[in-house]
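Undergrad: To start, I am sharing the structure in question, which I have written as structure tokens.
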Amino acid sequence: MSKNFDLIIVGAGPAGSAAAFTAAKENISVLLLEEHPRIGVPVVCAEGLSRSTIKDYLDIKPEWISRKLSGSIIRGPDGDEFKVDFPECGWILNRKIFDPALANMAEARGAVIKTSARAINIENNEIIVNESGEKKKYKFKFLIGADGIASNVGRWMGINTRLNLNDIVVCAQYLIEGINIESHYTYLIIGEEYAPGGYAWIFPKSDNSANIGLGISPTKTKKKAKYFLDKWVKKEFANGKIVEKRFGGVPATILKRFSGKNFFLVGDAARFVNSLNGAGIACSIKSGIIAGNNAVLRLKGEKDYFEKEIKKEILKEIKFHYRIRKAYLKLTDKEYKEIFKIGKKVYGGKRIGHINMYHLVKEIVFSSPRLFYIGFSLLF
Ligand SMILES: Cc1cc2nc3c(=O)[nH]c(=O)nc-3n(C[C@H](O)[C@H](O)[C@H](O)COP(=O)(O)OP(=O)(O)OC[C@H]3O[C@@H](n4cnc5c(N)ncnc54)[C@H](O)[C@@H]3O)c2cc1C
């Protein structure tokens, strides 16, 4: 026997829960499925969220935060650093608390949440779920795929979500305790020694602990992300205690299609991530909210604006960052050093209120003939 829901959402990460709490308030029946027994465990994430990317969408509650941030320390390939003060720029979240809190908001508005419930297939308008070892079926009128980077929902609905080597940033991250850091600043580190084709990060979780990780492009090295992380941790954090190890990927591509007659894809499942810095939490929440609102319109038989709103609120920005990443992948360590110098000149020791990426990219592009060539051919 299958049960009926107006809307079924697969995946209770930020995207799925945001879709669920948005749609559930409109008096339609919502089922949110999560394969893990606990929402928010495990998540592969450095947990950074910038205020500017989320501000119109969600009020961040103090209990969801591990650390308030006051800026960044940027380190170049030579080990030279500069500091940028950016008061109230954002937070390091605690996703073990944040993710369940978003799901609780959906439940409080009437959504049904099932954990240990893995969607295993879709047949007609029915989703087949392995629920704690038992096979169950649920009928839906509308479906939202929020099942993260390894999304199956897109494939089941006929969308090519395959990621090639070019389309992924491969990441490794450890939560390390007992270390000495500037605990209200993120550290962002570039250079082939740390992270070929990507960057390394230290995101503080407390006075003496941090998410320390890196993302690399598999097109730039045959070595694994773990190799680079272990090498760095041994050199810089030998006295720290590794309490969690996480490995995962960030999608770095733009899908041609992310919706259909009776479904939307959101968050990582739709590849809505800033592929330059790996930030996907804000895009997940925004796309979840947009999908929740527009699924309700579809269910009411009204005209919806999903594609239009996604293009305006998400795609415009991630396409820009996607193009910068393509240019970034062409650079050598010598050029990373030049970029670091320009960053230092523009931002070093300054106190800022926002970052103008267009301005920074322009400064970089005009700083050398080769950077101009790469930038011009790929960006404009
Ligand atoms: C190492 C690393 C560091 C990162 N750091 C940051 C950062 O600092 N800031 C930032 O903004 N972004 C960061 N990201 C990206 C961010 O984690 C993701 O963009 C974000 O979690 C995407 O949210 P989502 O809801 O789309 O997917 P997810 O958070 O992946 O949630 C998907 C959910 O779907 C569930 N699921 C999957 N398949 C099924 C199924 N078949 N049935 C039922 N449930 C299913 C999963 O269990 C999961 O709970 C990082 C990513 C990586 C890999």
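Undergrad: Among the listed residues Ala19, Ala108, identify the single one that is open to solvent by less than 10 Å² (accessible area, probe 1.4 Å) and either at pLDDT 95 or above or within 12 Å of the ligand (Cβ to nearest atom) (or both).
TA: Among Ala19, Ala108, only Ala19 is open to solvent by less than 10 Å² (accessible area, probe 1.4 Å) and either at pLDDT 95 or above or within 12 Å of the ligand (Cβ to nearest atom) (or both).
Undergrad: Let me ask something else about it. Name the residues in the range 19-32 that are more than 25 Å from Asn121 (Cβ to Cβ) and within 23 Å of the chain's Cα centre (by Cα), would you?
TA: Phe21, Thr22
Undergrad: For the range 1-13, what are the residues that are closer than 21 Å to Asn125 by Cα and either within 14 Å of the ligand (Cβ to nearest atom) or surrounded by fewer than 24 Cβ atoms within 10 Å (Cβ to Cβ) (or both)?
TA: Once the filter is applied, which keeps residues that are closer than 21 Å to Asn125 by Cα and either within 14 Å of the ligand (Cβ to nearest atom) or surrounded by fewer than 24 Cβ atoms within 10 Å (Cβ to Cβ) (or both), the range 1-13 yields Met1, Ser2, Lys3, Asn4, Phe5, Asp6, Ile8, Ile9, Val10, Gly11, Ala12.
Undergrad: Among the residues of the range 206-224, which ones are farther than 28 Å from Ser70 by Cα and either in contact with a strand residue (DSSP E or B) (Cβ under 9 Å, 6 or more places away or on another chain) or part of a helix (DSSP H, G or I) (or both)?
TA: Ser217, Pro218, Lys223, Lys224
Undergrad: I'm checking my understanding of the structure. Among residues of the range 36-66 that are out of contact with any Asp or Glu (no Cβ under 8 Å at 6 or more places or on another chain) and of a type in the set (D, E, K, R), which one is farthest from the ligand (Cβ to nearest atom)?
TA: Glu63
Undergrad: Testing Ser284 on (1) within 15 Å of the ligand (Cβ to nearest atom); (2) more than 28 Å from Met157 (Cα to Cα), one condition comes back false. Which one is that?
TA: (2)
Each row is one residue, and each column tells you yes or no for (1) at pLDDT 95 or above; (2) open to solvent by less than 40 Å² (accessible area, probe 1.4 Å).
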| residue | (1), (2) |
| --- | --- |
| Ala15 | yes, yes |
| Glu26 | no, no |
| Leu33 | yes, yes |
| Arg38 | yes, no |
| Cys45 | yes, yes |
| Asp56 | no, no |
| Ile60 | yes, yes |
| Leu69 | yes, yes |
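Undergrad: Taking Ile97 and the conditions (1) in contact with a Phe, Trp or Tyr (Cβ under 7 Å, 6 or more places away or on another chain); (2) part of a helix (DSSP H, G or I); (3) open to solvent by less than 50 Å² (accessible area, probe 1.4 Å), which numbered condition does it fall short on, given that it satisfies the others?
TA: Among (1) in contact with a Phe, Trp or Tyr (Cβ under 7 Å, 6 or more places away or on another chain); (2) part of a helix (DSSP H, G or I); (3) open to solvent by less than 50 Å² (accessible area, probe 1.4 Å), the lone unmet condition for Ile97 is (3).
Undergrad: Taking the conditions exactly as written (hydrophobic (A, V, I, L, M, F, W, C), open to solvent by 50 Å² or more (accessible area, probe 1.4 Å) and not assigned by TED's automatic domain parsing to the domain that holds Lys235), does Ile144 satisfy them or not?
TA: Taking the combined requirement at face value, the residue does not satisfy it.
Undergrad: Restricting the search to the range 237-258, which residues are of a type in the set (D, E, K, R), within 16 Å of the ligand (Cβ to nearest atom) and more than 15 Å from the chain's Cα centre (by Cα)?
TA: Correct list: Glu244, Lys245.
Undergrad: In the set Lys245, Lys311, Lys326, Lys241, which member is out of contact with any strand residue (DSSP E or B) (no Cβ under 8 Å at 6 or more places or on another chain) and surrounded by fewer than 16 Cβ atoms within 10 Å (Cβ to Cβ)?
TA: After ruling out the rest, the residue left standing is Lys311.
Undergrad: Then there's this: Would you confirm whether any residue within the range 62-75 is under 17 Å from Asn277 (Cβ atoms), in contact with a Pro (Cβ under 9 Å, 6 or more places away or on another chain), in contact (Cβ under 8 Å) with a residue 60 or more places away in the chain and outside any helix (DSSP H, G or I)?
TA: Yes, the range 62-75 has at least one match.
Undergrad: Using the structure shown, decide if Lys303 is assigned by TED's automatic domain parsing to the domain that holds Leu32, out of contact with any Asp or Glu (no Cβ under 9 Å at 6 or more places or on another chain) and either modelled with pLDDT of 95 or more or open to solvent by 40 Å² or more (accessible area, probe 1.4 Å) (or both).
TA: Taking the combined requirement at face value, the residue satisfies it.
Undergrad: Identify, from the list Ala279, Ala269, Ala291, Ala295, the residue that is closer than 30 Å to Lys25 by Cβ, out of contact with any Phe, Trp or Tyr (no Cβ under 7 Å at 6 or more places or on another chain) and open to solvent by less than 20 Å² (accessible area, probe 1.4 Å).
TA: After ruling out the rest, the residue left standing is Ala269.
Undergrad: Where the second residue is part of a helix (DSSP H, G or I) and acidic (Asp, Glu) and the first is farther than 13 Å from Leu31 by Cα and lies in the range 96-108, which pairs have Cβ atoms under 8 Å and are six or more apart or on separate chains?
TA: Qualifying pairs under 8 Å: Ile97/Glu63; Ala101/Glu63.
Undergrad: Failed condition for Pro204, given (1) touching a Phe, Trp or Tyr at 6+ places or on another chain (Cβ under 8 Å); (2) closer than 26 Å to Asn294 by Cβ, with all others met?
TA: The single condition Pro204 does not satisfy is (2).
The values are calculated or read from the model by the stated rules, or taken from the named source; none is laboratory data. Bear in mind that the values here come from a model prediction, so they are computed numbers and not experimental data. Reconstructed Cβ throughout: ideal geometry from the backbone, glycine too, with neighbour counts over all protein chains shown. Side chains are part of the model used for accessible areas, which takes the heavy atoms of the whole protein and leaves out ligands, DNA and RNA. Shrake-Rupley method; radii C 1.70, N 1.55, O 1.52, S 1.80 Å.
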